[in-house]
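Structure first, then comments.
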Amino acid sequence: MNIFIFGLVNSVILALMASGFALVYGVSRLANFAHGALYILAGFATWLFLNRLGINYIGSIFLSIIIVSIIGGAIYRFLLIRVKGMPASEIIASLAIGIAIMELFRWRGFISEAYMLPPFVAGSVSIAGVVIDWQRLIIIGVGLAMMLSLWLFTHHTKVGLSLRAIAQDKHASMMSGIEPDRTAVIALAMGSALAGVAAVVILPLGNITVETGYMVLIDAIAVCIIGGLGSWAGVLAGAFLLGFSRILTAAFIGPHWQMVVVLLFIILTLILKPSGLLGRQKELEERV
Amino acid sequence: MKNKSLVSNIGIRLLLMLIIVTFLCVLNPKLSVAQPIVLGVPISRGYPDGVDAERGITLAVEEINAKGGVNVAGTMRPLKLEISDTRDLEPVVPVAEALLAVERLIIEKKANFIVGGPIRSEGALAAMDVLSKHKTVSILSAGVLSPAYHKRIADNYDKYKYCFRTTGSVVPMIGGAIGTFESIKAKKGFDKAFIMVQDVAHARAAGNALKEGLEKKGWKIIGYEIYPTGTTDFSVGLSKAKNGMAQYLIPWFDMPEVSILMKQWYDMKVPSLPIGYIHALQDEGTWKATDGKVAYSVVLYAKAGSVATKAIPLSEKFVPAHKKRYGMEPRSEWTSTSYTVVYILKGAIERAKSLDPDLIIPALEKTDMMGTYGRVKFDPKSHQIIENGDPKETAVGTWAQWIDGKRVIVFPDKIATKSLALPPWMK
């Protein structure tokens, strides 16, 4: 039971971390390597609003998500748009922006181990004999709510439908009057907001460090490679596969083998199904 | 004509004044601008350990300069800091970066001495050859717990005699830790432990030594797990500790994510006392940041001094001085060691009456002074600081427990201010 509950939590955490990255790639075919930086930006911004400006916790969270979302959109509108269509340049540019954001925090002295966000609800609860803190249960709730909201958004709103249209067929959607750059800005802004949501619910479990940004990026890429870039179901499949394989490895082999297992999955996926478990990169099918 | 004589008049007066000033300076060294002694500080500035060490060194240098500087054979010379970022604590940064920083300090910045780091053992060990090549005396005061450092000095004294270390080595640390656990065993009857270590060289070495040492003493090791750096879930290990009825949880981590371990331990109410090298928990701000979930955790400081104790009078002066200067108490053990290292060097320079390494080395070997972590003496063969548990005799480490938002010293007995407390769910 312990493995099931904590495996579920870890899987949802991975899905939350990867969802923003997957959304951006699914819509704009852009691998946003600044994703991890936007994640910690949301964490540090929330901490600053809460502890330096004295804004209440909920206000700090909303404010930081909005700011990160605006920054994400601005990154595409003013920087990435200039290298659009050149995948290597897009990756290098977004990674450079990400490193600049993260190292800016290090340079400004955000390197203490005491940068932490409080849990939404303190305390813990026992489920079938397994004691688990409320924050982890909230993460499961937020993860499920976010997936449902995204599905509703992409299937029942005009903007969401335009995102799917671009993802399915760029040229056909342009003929229908959908502007791809505007859609990409929206996708970057939404992807960044998702990174922000993930940050504010996950970071109360530990502390905010610059290195977290790099690790979140690696986890997001791992989930997307295994699950399939551009596929929502793939993100979930990848997250659950990695989440449960990690906890099973920790329980039955040893925690230090967890990373080996992740890398093994990536290698096997790339050999056996390069587009990922549910990825359909080369097919004209639904990707969002 | 009148203008010309005015100019020459002023010129003669200026020349006279210059001669008088020069004359006075030659006669009275106190009036001259003495050449500073340059301390090169190679540290990882992007990490708390580096910043902590820099703060300790800076505070000591400011204090010394405020009192006139260092007396070198009758001349008061100020200390000048040249700090270089080694980035050696950053992942995937090659050792060469640290070596470059050390060499740059010596060649470009003309550092007379190197103090502080590099902080990672790998960087410090590689830097030994650079220090030897340039005949530059270095005293490590942050990180580097590898026993290989002083072994190299002892094995090849002539080559590595320029290297000294005040941080200690993991070997006496483990010896001290086992002694502490035995002391608790005698008082509380605990003999079951669960060891959790980070997947880095020093922590694995410590974990192996602890397991072996405790088993030899008749302890039952319920589990021994190694966690990759950056692990964010410890639930499996904690459940194993709980189910195995471990009375001790012995973490050995220097990664910040260890705060997740402590929060999970608290939330899961695991009936095992966390006691070990939990570096992230040394910080004064940890209690507030974790909403008190570090309560009852016992944290090892490789060297005392960053938590004030009456048993070491200098620590009682150092901690308030740090708080006044930086607005907070020292965050880690490396602040205390790095503060003291400047005074160690000052003492050696004043005794040697010179900056010549050939005179400084024997002077450092004869060091015998009180520091913020006890009495400072070096083993003359290995240049390793001597430590055994009595601050009046040698350097000491310390164990502090988080109680009611404060770090209180519970071990070693000679400097303890309170006795060990157990969490309510263990009673």
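Some values worked out for this structure:
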| quantity | calculated |
| --- | --- |
| For chain B, Kirkwood radius (reciprocal of mean inverse C-alpha pair distance, Å) | 22.9 |
| The range B:385-427 residues near the modelled B:Lys288 label - backbone nitrogen below 20 Å, point 7 Å along Cα→Cβ | B:401-408 |
| Amide H partners (placed H, <5 Å) of A:Tyr115, local residues excluded | A:Ile208 |
| Those chymotrypsin sites (Phe, Trp or Tyr not before Pro) in the range B:102-188 that DSSP places in a loop and that have at most 13 other beta carbons within 10 Å | none |
| Overall form of chain A per C-alpha gyration tensor (a/c, 1.5; a/b vs b/c) | oblate |
| Two-site FRET efficiency, B:Ile12 against B:Ala73, from Cβ-Cβ distance with R₀ of 35 Å, rounded to 0.05 | 0.40 |
| Helix-only CD estimate at 222 nm, as mean residue ellipticity for chain B, using -39500 (n - 2.57) per DSSP H run (n ≥ 4) | -14000 deg cm²/dmol |
| FRET efficiency for A:Ile58 and B:Lys317, using Cβ-Cβ distance with R0 set to 35 Å, rounded to 0.05 | 0.20 |
| Dimensionless Rg ratio for the range B:303-427, taking C-alpha atoms and the 2.2 N^0.38 Å reference | 1.20 |
| Overall dimensions of the protein assembly as shown by Cα: Rg and Dmax, Å | 29.2, 108 |
| Spin-label proximity, B:Asp404 to the range B:283-298 - amide N less than 20 Å from point 7 Å beyond Cα toward beta carbon | B:284-298 |
| Cα shape, the range B:154-261, gyration tensor, a/c 1.5 rule | oblate |
| Given charges at beta-carbon only (K, R positive; D, E negative), |dipole| of the protein assembly as shown in Debye | 1360 |
| Mean-position separation - Cα centroids, the range A:1-53 and the range B:67-81, in angstrom | 53 |
| Packing-based exposure ordering (other Cβ within 10 Å, fewest first) of B:His150, A:His156 | A:His156, B:His150 |
| Inter-probe distance in nm under a simple model that places probes 7 Å from Cα toward Cβ, at A:Val121 and A:Ile81 | 4.4 |
| Label-point separation in nm, A:Arg106 to B:Glu393, each point 7 Å along Cα→Cβ | 4.4 |
| FRET E, pair B:Val93, A:Lys158, Förster distance 51 Å, beta-carbon r, rounded to 0.05 | 0.60 |
| Distant-in-sequence amide H partners of B:Ile37 (H built 1.01 Å from N, under 5 Å) | B:Leu79, B:Lys80 |
| Low-density loop positions, GluC sites (Glu not before Pro), the range B:100-173 - DSSP coil, at most 13 other Cβ in 10 Å | B:Glu108 |
| Kirkwood Rh, angstrom, the range A:157-288 [1 / mean 1/r, Cα pairs] | 16.6 |
| Among the listed pairs B:Lys317/B:Lys366; B:Lys310/B:Lys381; B:Lys192/B:Lys414, those beyond 28 Å (Cα-Cα) | B:Lys310/B:Lys381 |
| Net length gained if the chain between B:Ala34 and B:Ser419 were fully extended (0.36 nm per residue, minus Cα distance) | 133.5 nm |
| Most mobile of A:Glu179, A:Glu90, A:Glu113 in a GNM of chain A (Cα contacts under 10 Å) | A:Glu113 |
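Only the coordinates and a few stated rules stand behind these numbers; no lab work does. Remember, predicted model here, so these are calculated numbers, not experimental data. Cβ sites come from the backbone with ideal geometry, for glycine too, and all protein chains shown count toward neighbours.
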